[in-house]
Amino acid sequence: MKELSLNILDVTKNSVTAGADRIDITLELSEDGWLRFSVKDDGCGMSEEVQRRVTDPFYTTRTTRKVGMGLPLLKLAAEQTGGQMRITSSTEEGKSGTLLEATFDTKSIDFMPVGDIVSTVCILISGSPDVRFVFRDTTPDGTVGIDTSELKAVLGDEISLSEPEVVAWMRDYLTEQYEERDNKNVNMEETK
């Protein structure tokens, strides 16, 4: 995968498949250029054996193909920048779920572009409108985010988050937040 947003899409779809009711997607860029990406869910979790094998490209739980490249490619992308990927998961009743964390040195020549994160988030939400998604992208210049529980509180049960008008609003809402954060960064650079 050539963009981190595509990895986010792939990994998060695994959380949906695991039956998660809530999925938290977090991007955190530190002052020194390290990007921490995480997906946390409350799905069914993974056994210890699956956790050990999940980064092997020739292992997959899918029945439609014999290879699973998403997590191995994400791990490789992180390691190529000097970062790492870690998965912790539990199948214990009442505590089930998975946390995937990956770190990237954004100053590395091997750091892949983030890509179209707005489209990725909108696709995830509209494709699984009953799942609660909490998305946060934090940099030293501010935070961009959306929590679908807040949208559902306003829209009620009658309007799905997959409705085209709702998806268009989400896209505009996130885009405006990114533009505001980017403009803040430009203004701060100009005053230096």
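The values are calculated or read from the model by the stated rules, or taken from the named source; none is laboratory data. Just so it is clear, the structure is predicted and the values come from calculations on it, not from any experiment. Ideal geometry is used to build each Cβ from the backbone, glycine not excepted, and the neighbour counts take in all protein chains shown. The protein model used for the area step is the full one, side chains on, heavy atoms only, and it has no ligands, DNA or RNA in it. Shrake-Rupley method; radii C 1.70, N 1.55, O 1.52, S 1.80 Å.
Values for this structure:
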item: Close pairs from region 7-30: first free of Cβ contacts under 8 Å to residues at least 40 places away in the same chain, partner surrounded by fewer than 19 Cβ atoms within 10 Å (Cβ to Cβ), Cβ under 8 Å, at least 6 apart; result: 19/44
item: Condition met for residue 158 (acidic (Asp, Glu) and assigned to a loop (DSSP other than H, G, I, E, B)); result: yes
item: Top-ranked residue of region 67-95 - restricted to ones that are modelled with pLDDT of 85 or more, within 19 Å of the chain's Cα centre (by Cα) and not in a helix (DSSP H, G or I), ranked as farthest from residue 40 (Cα to Cα); result: 81
item: Boolean, residue 29 is modelled with pLDDT of 95 or more, open to solvent by 20 Å² or more (accessible area, probe 1.4 Å) and not acidic (Asp, Glu); result: yes
item: In region 86-110, the residues that are without any contact (Cβ under 8 Å) to a residue 12 or more places away in the chain and of a type in the set (A, V, I, L, M); result: 109
item: Some residue of region 111-127 being in contact (Cβ under 8 Å) with a residue 40 or more places away in the chain, hydrophobic (A, V, I, L, M, F, W, C), outside any helix (DSSP H, G or I) and under 14 Å from residue 8 (Cβ atoms); result: yes
